[in-house]
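> Starting off with a structure, shown below.
What follows draws every value from the coordinates through simple rules; no lab data is involved. Computed from a predicted structure; not experimentally measured. Every residue, glycine among them, receives a Cβ derived from its backbone with ideal geometry; neighbour counts consider all protein chains shown.
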Amino acid sequence: MARRPLLLLVVVALLRSTSAGGAATITVDVKDYGAKGNGVDDDTKPLMTAWKAACGSAGAVTMLLSPGTYYIGPVQFHGPCNASTLTFQLQASDRSSCACAVQGTLKADTDLSRFRNDWIEFGWVTGLTVAGGVIDGQGAAAWPFNECPFRKDCKVLPTSVRFVNSRNTAVRDVTSVNPKFFHIALLQAKNIRMSGLRISASPDSPNTDGIHIERSAGVSITDARIGTGDDCISIGQGNDGVDVARVRCGPGHGMSVGSLGRYAGEGDVTRVHVRDVVFTGTDNGVRIKTWENSPTKSSAAHMLFENLLMEDVRNPIIIDQKYCPYYNCEHKYVSGVTLEDIQFKNIKGTTTTPVAVMLRCGVPCQGLVLQDVDLKYMGQGGTSAKCENATAKYVGYQFPKPCT
């Protein structure tokens, strides 16, 4: 069948418009642009053509991916767009009416030669909502090629979904499985709300951070379940105003601020609030990690971690200013990242190692507070805390006993 011209397809989209309260709502169905959704045919071009039509339309616009599996290579959904609001909707089917696929699914190509950067990139869009469906990075085929756990100069594999220079974004009820690298990354995002996410990958999958945040402001992550091979959430450099609440984390490496201080020109990290989180079987609970010998100075300040439950966590509370994952670390230098006003409140549960609290500072950490900490070692012997170049204020019940 001959391909319909773009102008005709835009007209089709306009004919799908409905009126609600005088405001036009336009639906752009990717099936009208040649997408098959059968999991076999490559739907990369039809989806990008549909995005162009949706982005170019005015008013409230929905780009609809009806139930099916859309097999695609790398795509860039870039703005700026004419739409006042734009919804990228992976639609669920009505289970009661048919035995068909219950979700719209995006499935990644496994051929790494097709990827120069990331897989799905949303960029330079204001008022975007990404809702529903499954994002399958098919990462297992790529994980053996990831050398980043061993080499500083490694080639980074594609992140499944990256939001770049986005404003007023909502991401809700999305499931991400088996990315080649990170599940979701935020770069220079402002005012982004993420809720109801389900993120999973094999516990031994390398560098599969659930959500990585960098140079962003006003980030909210709520009501999520994250179990993966690396950090559930990693808060990198240059962030301000990150709020995390009601998250279940595990398996994985826990929740990290950092690593910080590795590169020149890194920005400060300020105003981080993590609350009402359950960690199950993770390597770490909450961790702040910075490199030694930072090329430029920066700070990480005004952070509150509260109401956290640790269930058999290896390192429930850890500050590590001598972070280095490589075998040949000499630990000759002091980190250039200053830590200030860091509070841990109402943190309870169990640890799988005797040292439940590790405060390993480079330059002296300032304004450390531990309040109502109750962490019990599940093995033989007692539970302890270790401090290096750190003086903290202790309030309320403390187990293990504070560092002396």
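> Return Cys249, Cys55, Cys329 ranked ascending by Cβ neighbour count within 10 Å, so the fewest neighbours appear first.
Result, fewest neighbours first: Cys329, Cys55, Cys249.
> Antiparallel as a % of all DSSP beta bridges within the chain, to the nearest 5?
Rounded to the nearest five, the antiparallel share is 0 percent.
> Sticking with this structure for a sec: Kirkwood Rh over Cα pairs of the range 277-404 into Stokes-Einstein at 4 °C, 1.567 mPa s: D in µm²/s?
87 µm²/s
> Angle check, please: helix 6-15 long axis (alpha carbons) against the longest principal axis of the chain (alpha carbons), in degrees 0 to 90, nearest 10.
It works out to around 90 degrees.
> Taking the range 334-403, which trypsin sites (Lys or Arg not before Pro) meet the DSSP loop condition and have no more than 14 other C-beta atoms within 10 Å?
In loop regions of the range 334-403 (DSSP not H, G, I, E or B), there are no sparsely surrounded trypsin sites (Lys or Arg not before Pro).
> On to the next question. Below 10 angstrom from the Cβ of Val244, what's the summed charge of the other residues (Lys, Arg +1; Asp, Glu -1)?
Counting the neighbours of Val244, the net charge comes to 0.
> Now for a different question. Going through the cross-link list Lys345/Lys393; Lys348/Lys401; Lys190/Lys393; Lys348/Lys386; Lys31/Lys180, which pairs have a Cα-Cα distance over 22 Å in this structure?
Beyond 22 Å between Cα atoms: Lys190/Lys393; Lys31/Lys180.
> What percent does the relative contact order of the chain come to when contacts are Cα pairs within less than 8 Å and at least six residues apart?
8 percent
> Which part of the range 260-275 falls in the paramagnetic zone of Thr296, meaning amide N under 17 Å from the point 7 Å along Cα-to-beta-carbon?
Residues passing the 17 Å test: 260-270.
> While we're on this one: Explain nothing, just the number: relative contact order of the range 182-297, from Cα pairs under 8 Å at least 6 residues apart, as a whole percent.
In percent, rounded to a whole number, it is 23.
> If neighbour count is taken as other Cβ atoms inside 10 Å, put Asp118, Asp153 in order from fewest to most.
Asp153, Asp118
> Could you give the nm distance between label points at Cys154 and Tyr263, where each point is 7 Å from its Cα heading toward the beta carbon?
It is 1.6 nm.
> A further question follows. Calculate, in nm to one decimal, what Ala245 and Asn191 gain on full extension: separation in residues at 0.36 nm each, minus their alpha carbon distance.
Full extension from Ala245 to Asn191 adds 17.8 nm.
> Pairing the Cα long axis of helix 44-56 with the longest principal axis of the chain, what angle in degrees results, from 0 to 90 and rounded to the nearest 10?
90 degrees
> Taking only DSSP H segments of four or more residues, each worth -39500 (n - 2.57), what value at 222 nm results for the chain once the sum is divided by all its residues, to the nearest 500 deg cm²/dmol?
-1500 deg cm²/dmol
> Shifting gears a bit: On the first, second and third principal axes, largest extent first, how far apart are the outermost C-alpha atoms of the range 169-286 in Å?
For the range 169-286, the Cα extents along the three principal axes come out at 34, 29, 25 Å.
> What FRET efficiency do you get for Gln380 and Asp204 if R0 is 30 Å and r is their Cβ-Cβ distance, rounded to the nearest 0.05?
Rounded to the nearest 0.05, the efficiency is 0.60.
> Order these by the 10 Å Cβ neighbour count, fewest first: Ile135, Ile72, Ile213.
Ile72, Ile135, Ile213
> Ok, one more. For the range 256-336, report the % of Cα-Cα distances exceeding 18 Å.
The calculated P(r) of the range 256-336 puts 47 percent of pairs beyond 18 Å.
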